[in-house]
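Contents: one structure, followed by commentary.
Read-outs throughout are calculated quantities, based only on the coordinates presented, and are distinct from any laboratory measurement. For clarity, every value in this text was computed on a predicted model and none was experimentally measured. Glycine also receives a Cβ, built like all others from the backbone with ideal geometry; neighbour counts cover every protein chain displayed.
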Amino acid sequence: MAKQAKWSCTDYCGACCKLDPGQRQEALGALSQKDQALYLSMVASDGWCRHFDKVYRKCTIYNNRPSFCDVKKISHKFQLENETFDQFAISCCKQQIRYLYGGRSKEMKNFMRINSSKNYSK
């Protein structure tokens with residue numbers, strides 16, 4: 001049986017920090033009204049999160065970020081099993097990275113390197 005890749009966030013990406021509501025309707029629709037209001041308050045005029053440092057490509061409120069910014073917490077909301085979560089998270093990240101940076105970008109290459117099935121461990 002083929003080994004399943006394990007999802008892992010990668011440094012210097014920030015694709016998930018592009019919060020533009022016009023591009024993230026599905027994500028926004030999955031939130032409670034309270035979280036929707038918080039989400040929308042975090043969107044800067046350029047569509048990026050106000051707390052995303054674009055120079056260093058890091059979240060400036062990482063340790064205190066809202067629960068909807070924590071991919072692991074999102075999996076609990078949808079009651080995803082570990083393998084389903086990994087597939088879901090990898091697919092979502094690839095889609096967002098491809099949209100923002102391109103399928104052959106350094107961000108995609110780094111993400112795929114970190115999230116390949118070769119790095120799977122039980």
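Grab the other residues whose beta carbon is less than 9 angstrom from that of residue 115, score K and R as +1, D and E as -1, and report the net. Its environment carries a net charge of +2. Dividing the helix sum by the residues of the chain, where each DSSP H run of 4 or more adds -39500 (n - 2.57), gives a mean residue ellipticity at 222 nm of -12000 deg cm²/dmol. Net charge dipole, the chain: roughly 440 debye, given to the nearest 20, about the Cα centre with Cβ charges of +1 for Lys and Arg and -1 for Asp and Glu. Considering only 116, 37, 90, and ranking their Cα positions along the charge dipole of the stretch 15-119 that arises from unit charges at the beta-carbon of Lys, Arg, Asp and Glu, the one farthest toward the positive end is 116. Ranked by the mean number of other Cβ atoms within 10 Å of their residues, highest first, the peptides 87-99, 60-72 fall in the order 87-99, 60-72.
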